[in-house]
Amino acid sequence: MGRWGELAGRRRTGTADERPPSIEEFLETNHQLFTVIGIFGALSVYLMKFQQSTATSTGAVGAVLLLFLLTSAVAVRNSYRCTERARRHGDYLLIFGYAVFMYAFVTLVVSVVLVILSRYAQGAESVLGSSFVYALAFVYVPFVFGTDRLREFEGTTPMAAGVRYAPHLAALVLAGWYAMQWYRGVPPTLNLGSAAYSIGIALGLVANHFVITAVLVGVLWTADAAASAVQN
């Protein structure tokens, strides 16, 4: 059996859930995504004209363009998956239709990237920096404050309790250090308009808190072990 026959056999024996959708089914399945892309596209054009007429910040335009870029990338992914399914099942007529969708959205993605880099890089950088800071805090805080190994640390001495609450103690130490710096007349310089600066501040806080937590755990664990040895 030749390749064409093999592909035709795979198409006939494929299950219903593996069958590539028709163009109509593809449009119906992704119509909400296409609507969102259209809304972001229209909003980005409106904000571009508004920003040019009022000379306001480019942050809003950069944010909408990033959302437009993200939703367009999702459309590219969905189109590519359908193209692969059509290729595996030998539906060569569908491949062309999916390819039109995929490369049309790729063109949109490239165009939006070029617009961001040429005119709205600062606004997009600010949004990406804030998003990184939020994601870092969202990941780190539950991780370090919900560590099961610390919460399950056994011991009845005050040092053992300190080990279990070491992240909280580290936060207090860090806050106390910054309060002391402020009291001494050396307030931290804040430049939240710079994405790189915001990311550096967030990484510095996370790194300092993690180091202080590790030091407190080591000191309190050693003290608890020494106290338990003396009691025994």
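Counting just the residues of region 154-171 that are open to solvent by 60 Å² or more (accessible area, probe 1.4 Å), in a loop (DSSP other than H, G, I, E, B) and not β-branched (Val, Ile, Thr), which one comes out modelled with the lowest pLDDT?
Glu154
Keeping to region 84-112, report how many residues are within 30 Å of Leu43 (Cα to Cα) and in contact with a Pro (Cβ under 9 Å, 6 or more places away or on another chain).
Quick first cut of region 84-112, residues within 30 Å of Leu43 (Cα to Cα) only: 97-112.
Next cut, in contact with a Pro (Cβ under 9 Å, 6 or more places away or on another chain) only: 98.
Total satisfying the criteria: 1.
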Worksheet item: So which of Leu174, Leu216, Leu220 is over 28 Å from the mean Cα position of the chain (by Cα), at pLDDT 85 or above and open to solvent by less than 60 Å² (accessible area, probe 1.4 Å)?
Response: Leu216
Worksheet item: Taking region 63-79 on its own, how many of its residues are over 14 Å from Gly38 (Cα atoms) and small (Gly, Ala, Ser)?
Response: 2
Discussion item. Being polar (S, T, N, Q) and at pLDDT 75 or above is the requirement here; does Asn191 meet it?
Written reply: no
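The values are calculated or read from the model by the stated rules, or taken from the named source; none is laboratory data. Treat the numbers as computed from the prediction; the structure is a model and nothing was measured. When we count neighbours, we look across all protein chains shown, and the Cβ atoms used for this are built from the backbone with ideal geometry, even at glycine. When the accessible area is computed, the model is the full protein with side chains, heavy atoms only, and any ligands, DNA or RNA have been set aside. Shrake-Rupley method; radii C 1.70, N 1.55, O 1.52, S 1.80 Å.
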